[in-house]
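The values are calculated or read from the model by the stated rules, or taken from the named source; none is laboratory data. Since the model is a prediction, treat every value here as computed from it, not as a measurement. Glycine gets a Cβ as well: all are built from the backbone with ideal geometry, and neighbour counts include every protein chain shown. The protein model used for the area step is the full one, side chains on, heavy atoms only, and it has no ligands, DNA or RNA in it. Shrake-Rupley method; radii C 1.70, N 1.55, O 1.52, S 1.80 Å.
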Amino acid sequence: MISKKEVIHIAKLARLGLTEKEVANFQKELSSILNYMEKLKEIDIANIEPTSHSIKVENVMREDIV
């Protein structure tokens, strides 16, 4: 779990003024996000082809003719 001190440091870097309640809330939320990222690291993606878009994108603009 991310510490209260780390949340305060992140908030300071982002120039955010947080109340104690907000610090506790962000502590839970950021910890949840980091736990999910750890879960994603476990997924085997060795046989997955990399893509830049989920659908094929083509240029639909006309040729630039003078």
Rounded to the nearest percent, how much of the accessible area of the chain (1.4 Å probe, protein heavy atoms only) is carbon and sulfur?
57
Considering the Cα positions of the chain, please state its Rg to one decimal place and its Dmax as a whole number of Å.
21.2, 63
Output for the chain: GluC sites (Glu not before Pro) sitting in coil per DSSP, at most 15 other Cβ within 10 Å, listed by number, reads E42, E58, E63
Please identify the longest segment of the chain free of exposed trypsin sites (Lys or Arg not before Pro), where exposed means a DSSP state other than H, G, I, E or B and no more than 14 other Cβ atoms within 10 Å.
16-55
